[in-house]
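Here is the structure we will look at.
The values are calculated or read from the model by the stated rules, or taken from the named source; none is laboratory data. None of the values given here were measured: they were computed from a predicted structure. Because the Cβ atoms are built from the backbone with ideal geometry, glycine has one as well, and the counts that use them run over all protein chains shown.
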Amino acid sequence: MTTFSDGVFQYNGAILGSSLPIQVGKSIFVRPRTGSDTNSGRNPSDAIKTLEKALDLATENQNDVVYLIEEGLDATQTTTLDWNKDRVHLIGINSQAMLRPGSRITLSPVVHDLPILMLVSANNCYVANISVHHADIVNTLNGPIAMKIVGGNNNFQNCWFSGGNDPSMDHPGTRSLVLSGATAQNNYFQHCSIGTETSLGTTGNALIEFLEGVGPTIFKDCLIFGNAATQNLTFVTAAEEAAYQGPVWFTDCAFLNQLNIGAEVMTEAFNIDPVVNNIPGGIVLHNTLLNGVQNWFAENTSAIKILGFGLSASTIGFAIDVGAI
Amino acid sequence: MTTFSDCVFQYGGLITGAQFPVQSGKSIFVKPRTGSDLNTGASLRDAVQTLSRALFLATPDQNDTVYLVDEGVPAAQTETLVWGKSAVHLIGINAQSELGGMSSITQDPSVKDIDTLFFLTGQHCFISNIHIQQGVSANVATSPVALLVFGHNNQLTNCRIVGGADSSMNVAGVRAVVVDGSNAIGNSFRQCSFNIDSSISALNVGVIEFINLAGHTIFEDCLITSTAASNTMVLVKATGVEAIRGPVWFVNCGFTNLINAGATALTAAISVNVSSPRGTIILHNPCLVGATDWCAADTDLVKLLGFGLTAQNFGIAQNLTAA
């Protein structure tokens, strides 16, 4: 029997069991603590240090995979990480815990006021086991965003998108996740956590935002969590005109305002202007759960369809009819 | 350090982590953009270009696997692709997003008369991460069907099946999927989406249809969508004589007529032949948007367990018949 002493690299880059059926492109390994950008990145013992360098080494449309190895130090960014090459995948190597998987992308502590921590402008990318965690201790920006997506056909599995993780980020425009534009269509989020751990409550603050005509999107088995300092925080906002076309499906998702740690009861889960975004069937909640909020929506609207359970401060249990149609 | 120049193929075809416990048959790689049918297909660097060539190279009942690599160009078909070798599997290598981003099989735009794009006559096949999309301008086919399932015990996982993806396919026979015959039994669809992609006004169109005593079938965590321009369109159709032997289970599925995109509300989501009852359709915790009701009239043939959200009734479990 032939054995190998150097782990996965006996395959010259073909990784087995990497969440892709098989890997057909090249592998690029990133180690934020022990890597060096003068290395080749082609095996774990020759890993590079930064995601920017890894992306530079990747070839679009070849199904290359960047592996971000957790080794106790974050992949810190001094500028927005723009994931802009189609079919270049990003997979974290860690314990894969749903709540903040260990391969983390964060803001460098020497940098402040970064508007967007990570931008996905590429299409057809697979991203798994990654935390994008935006915390800035001296933020002065109105709208810092942890993750913004303008590309389409991307698949996010077991990721953590968290924004506003400092009291200085409690501004109306702070977001954990923003989907923007008609090109942001057919994106798929499964088993992801989206929210903030910091007490936020400025009017207008939301965890997820849709902007400029977002197309079909699925959230499945996701946890959307907040820690409201006031009743004004919302989970999802689509307040601007023609913010989304949809449909946006939330299937088997939980929306949780953390009353258990002292959060205030929120007024509504969704902030959607029924005049400028009255899109019947645009948002579908299939077997969802809501906790720590007075209602899904402050007033009935056909823009949201709910099927399943609604557990809120005032209603417990069974399905709620939010709209007549 | 030992390395291999041909990646996974050092095993002569043994792939692990490919959604099988292990792969026991040989691998055949397809690259529609950079492959060549003069190649062997036996490694990524020697990939063939077409699925028909890959299928020719595969041996039935050996658990061979065809890998269709997404490299930005679909596997375009000039005629019906007949997947007729049993236990030959097809797996797409791509981002695996349920609504798109998968390895695509399309109709070549130069061919206008293909009735069935993908004809699954094999059995015990595993198909995953594949996007079958039938749409061609100036279509002349009268019954364009993206996927016709005739074999049995096949499993399709994370696939997207789209029919009628051009306005010229606005004909009564357009379908995304047809499950045909008593031999089509034990098929399973998991986390798949089915769609008729353009605005269809032809009468009595169905996204999914069962015909000729189709056997028991499971749809789990699937999404069935339409953009109806006629209220006679249905999402599931079983109106033929003895269309279903069944049962057909839809578990945790979403049925959505895209009224958000201007679709006409459907009169009914499901249409069955009540005068020719044989099988049953069971809806377990489904979701319905953009239709007046699940069925136009109460029937024993459709059982709903869980929640039914329609224009007329919201929420709590309902049984379409008292029984």
### Conditions (1) more than 14 Å from chain A (Cβ to nearest Cβ); (2) of a type in the set (G, A, S); (3) crowded, with 18+ Cβ neighbours inside 10 Å; (4) out of contact with any Lys or Arg (no Cβ under 7 Å at 6 or more places or on another chain): number failed by B:S110
(3)
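For every residue, the table says whether it meets (1) assigned to a loop (DSSP other than H, G, I, E, B); (2) outside the structural domain of A:L99 (by TED's automatic domain parsing); (3) crowded, with 23+ Cβ neighbours inside 10 Å; (4) modelled with pLDDT of 95 or more.
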site: A:F219; (1), (2), (3), (4): no, no, yes, yes
site: A:T230; (1), (2), (3), (4): yes, no, no, no
site: A:A242; (1), (2), (3), (4): yes, no, no, no
site: A:G246; (1), (2), (3), (4): yes, no, yes, no
site: A:N260; (1), (2), (3), (4): no, no, no, no
### Summary
Within region A:187-198, of all residues that are within 14 Å of chain B (Cβ to nearest Cβ) and assigned to a loop (DSSP other than H, G, I, E, B), the one surrounded by the fewest Cβ atoms within 10 Å (Cβ to Cβ) is A:H191
### Task
Would you check if B:H124 is under 22 Å from B:I28 (Cβ atoms) and in a loop (DSSP other than H, G, I, E, B)?
yes
### Query
Out of all the residues in region A:262-298, which are assigned to a strand (DSSP E or B), within 14 Å of chain B (Cβ to nearest Cβ) and surrounded by fewer than 24 Cβ atoms within 10 Å (Cβ to Cβ)?
A:N287, A:L289
### Query
In region A:54-76, what residues are among the charged types (D, E, K, R) and either buried (at least 18 other Cβ atoms within 10 Å of the Cβ) or not in a helix (DSSP H, G or I) (or both)?
A:E60, A:D64, A:E70, A:E71, A:D74
#### Entry: Within region A:30-70, tally of residues that are of a type in the set (A, V, I, L, M, F, W, C) and under 22 Å from the mean Cα position of the chain (by Cα)
8
### Task
Restrict the check to region A:126-143 and report whether at least one residue is touching a Phe, Trp or Tyr at 6+ places or on another chain (Cβ under 6 Å), buried (at least 22 other Cβ atoms within 10 Å of the Cβ) and of a type in the set (V, I, T).
yes
#### Entry: Selection status of A:F156, surrounded by 24 or more Cβ atoms within 10 Å (Cβ to Cβ), in a strand (DSSP E or B) and within 14 Å of chain B (Cβ to nearest Cβ)
yes
### Query
Any residue in region A:203-216 that is among the β-branched types (V, I, T) and within 14 Å of chain B (Cβ to nearest Cβ)?
yes
### Summary
Residue count, region A:105-125, condition under 13 Å from the mean Cα position of the chain (by Cα) and within 14 Å of chain B (Cβ to nearest Cβ), comes to 1
### Message
Which residue is farthest from the chain's Cα centre (by Cα), if the candidates are limited to region B:238-256 and must be within 14 Å of chain A (Cβ to nearest Cβ) and not in a strand (DSSP E or B)?
### Response
B:N252
### Query
Of the residues A:E268, A:E299, which single one is assigned by TED's automatic domain parsing to the domain that holds A:G226, among the charged types (D, E, K, R) and at pLDDT 80 or above?
A:E268
### Task
Please enumerate the residues belonging to region B:84-102 that are crowded, with 22+ Cβ neighbours inside 10 Å and more than 10 Å from chain A (Cβ to nearest Cβ).
B:V88, B:H89, B:L90
#### Entry: Tally of residues being at pLDDT below 95 and crowded, with 24+ Cβ neighbours inside 10 Å across region A:166-186
2
### Complete set of residues in region B:58-83 that are among the polar types (S, T, N, Q) and within 14 Å of chain A (Cβ to nearest Cβ)
B:T65
